[in-house]
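What follows is one structure encoded as structure tokens, with my remarks underneath.
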Amino acid sequence: EVVPTVPTVRWTAPDVEDAEIVVEPDGGEPWSVAVDTDTPDGAFTTMVLGLKAAHAYTLTVQARTTDGVRSSEPLALTTGPPPTELPRITVEATDPDAMHRGYVITGLLNPPAAVILDSDGDYVWWYQPATLSGVVRTIVSHDGQSILLGGVNLDFAESAPILRVRYDGLELGTLDIPHRHHDFTELPDGTVAALTDDGRTVEGVEVRGDRLVELSPDGTLRTVYSVWTDHEFSPEDAGWTGPGGIIGWPHANYVEYRAADDSYNVSFLHLDGIAHIDRGTGEQRWFLGGADSTLTDAEGSAAFFDGQHGLQQLDDSLIVFVNGAGATDSRAVEVSIDPEAGRATPTWSYWPDPSLGSPVLGDVHRFDDGNTLVTFSFAGEIHEVTPDGVPIWTLSSELGGALSFVRFAERLQP
């Protein structure tokens, strides 16, 4: 597999102190890519990331050596086109100065693919796995050297591996976490946290609950949390019936790691709530939403969500993608939280106009300036909106091009 937007530049020079590759797009502004010069033999290799598909570029190596600055001859190249089966992407920017430029890292359900798009809606990277029926999560590894991607596994299969792929398309291997499903994330030390099934028999019926596990870089697998610890199965909470009459409950579908307090947030769809879990002890510190909520508003209500997926915890609030009970009432909401007081208060929401529906998936990302990226996965749209809820950038995938969870990166180069 070769990704024709990722050229590998190889060159040699003696006594190099530092170096960069200057990238000049045809008709665009140049930028530079730093080169790792920590090599003993004066031979250097760098993958250049972020190039648009089917575009012309000129690359020039500039190196500072003990003898002064040296430059290579310019290398002209044209990147290859994306596969024809990938959906066409369009972008509308109503306020280019206020929008955030960078890269959208996501997956496609049909055709199954992991993709990276730039702010103009151009494909800059893709990978089409032969073994997945859809890509639900795509992330860049913490060391910036590879991409991790995985499917959803709604059939309770024992094996649902996470694939690790290099930017040039070389598959580096798999992480096989038994009964993994939906979502995973990587911690700074390379540990991978994932949602898995946790089956129990309740009154003669097999019920698949959920647990959160960690796979460390040395291969050690440990359980962090099981939903059975704090929540009791009720037939009304059953999500769906799988193969052999197995009941799926409570449908964990999203996991976020927070380095600030070494904790996890896990969304449970059919509990209409989110668990905040201490990573070290496995204790559920609080639960937001639904009948099991430990936080309520001033009227004692915890009806904050009617089905939810993507989330992000801020300093004293959570922003959450709410799927909604109807066909076209998906939205993003922000809820302030005070766990010590047991209080939660809705403070912000974004309802698109015209309305959109994403009955599954969906994601959110809050920027430091208060703008919010809202992904309506099944509608194939991503909106960047201001704190006042005004859309300033919209990415749209053609009909049928459903998007999955989203990560945003200002740059790709390690």
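The values are calculated or read from the model by the stated rules, or taken from the named source; none is laboratory data. Worth saying up front: this structure is predicted, and the values here are computed from it rather than measured. With ideal geometry, Cβ positions are generated from the backbone for all residues, glycine too; neighbour counts draw on all protein chains shown.
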Output the residues belonging to region 2-57 that are on the phi > 0 side of the Ramachandran plot and in contact with a Leu (Cβ under 8 Å, 6 or more places away or on another chain). Gly50
How many residues are more than 15 Å from Ser216 (Cα to Cα) and in a loop (DSSP other than H, G, I, E, B) when one looks only at region 162-180? 5
Taking into account only those residues within region 194-206 that are surrounded by fewer than 21 Cβ atoms within 10 Å (Cβ to Cβ) and of a type in the set (A, V, I, L, M), which is modelled with the lowest pLDDT? Val205
Selection from region 349-368 of residues over 21 Å from Leu403 (Cα atoms) and in contact (Cβ under 8 Å) with a residue 40 or more places away in the chain yields Ser349
Considering residues of region 245-280 that are acidic (Asp, Glu) and surrounded by 19 or more Cβ atoms within 10 Å (Cβ to Cβ) only, the residue modelled with the highest pLDDT: Glu256
When only residues in region 343-380 that are within 22 Å of Glu256 (Cβ to Cβ) and of a type in the set (Asp, Glu) count, which is surrounded by the most Cβ atoms within 10 Å (Cβ to Cβ)? Asp363
If we scan region 226-237, do we find a residue that is surrounded by fewer than 20 Cβ atoms within 10 Å (Cβ to Cβ), at pLDDT 95 or above and assigned to a strand (DSSP E or B)? yes
In this structure, does Thr45 turn out to be within 17 Å of Tyr167 (Cβ to Cβ) and surrounded by fewer than 17 Cβ atoms within 10 Å (Cβ to Cβ)? yes
Return yes when Ile319 is more than 19 Å from the chain's Cα centre (by Cα), surrounded by 14 or more Cβ atoms within 10 Å (Cβ to Cβ) and assigned to a strand (DSSP E or B) and no when it is not. no
Residue that is surrounded by the fewest Cβ atoms within 10 Å (Cβ to Cβ) [pool: residues in region 207-225 that are in contact (Cβ under 8 Å) with a residue 12 or more places away in the chain and not in a strand (DSSP E or B)]: Pro217
By residue number, the members of region 84-94 that are within 24 Å of the chain's Cα centre (by Cα) and within 18 Å of Asp120 (Cα to Cα) are Leu86, Pro87, Arg88, Ile89, Thr90, Val91, Glu92, Ala93
For region 293-303, indicate whether the set of residues that are in a strand (DSSP E or B) and without any contact (Cβ under 8 Å) to a residue 60 or more places away in the chain is non-empty. yes
Does Gly342 qualify as being on the phi > 0 side of the Ramachandran plot, in the same structural domain as Phe268 (by TED's automatic domain parsing) and at pLDDT 95 or above? yes
Would you check which residues across region 133-148 are crowded, with 22+ Cβ neighbours inside 10 Å and over 23 Å from Thr46 (Cα atoms) and list them? Val135, Val136, Arg137
Out of the residues in region 356-412 that are of a type in the set (Val, Ile, Thr) and assigned to a loop (DSSP other than H, G, I, E, B), which is nearest to Ile139 (Cα to Cα)? Val406
Within region 1-111, considering only strands (runs of 3 or more DSSP E) that don't extend past its boundaries, which have at least 2 residues that are at pLDDT 95 or above and of a type in the set (D, E, K, R)? 16-25
Pairs under 6 Å by beta carbon, first residue without any contact (Cβ under 8 Å) to a residue 12 or more places away in the chain in region 248-259, partner aliphatic (A, V, I, L, M) and in a strand (DSSP E or B), six or more apart or different chains? none
Tell me which residues, restricted to region 1-33, are among the aliphatic types (A, V, I, L, M) and either surrounded by 12 or more Cβ atoms within 10 Å (Cβ to Cβ) or within 16 Å of Ala43 (Cβ to Cβ) (or both). Val3, Val6, Val9, Ala13, Val16, Ala19, Ile21, Val22, Val23, Val33
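Quick one: is Gly282 in contact (Cβ under 8 Å) with a residue 40 or more places away in the chain and in contact with a helix residue (DSSP H, G or I) (Cβ under 8 Å, 6 or more places away or on another chain)?
The answer is yes for Gly282.
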Single residue of Glu384, Glu398, Glu340, Glu334 found to be more than 15 Å from the chain's Cα centre (by Cα), within 24 Å of Pro111 (Cα to Cα) and of a type in the set (D, E, K, R): Glu398
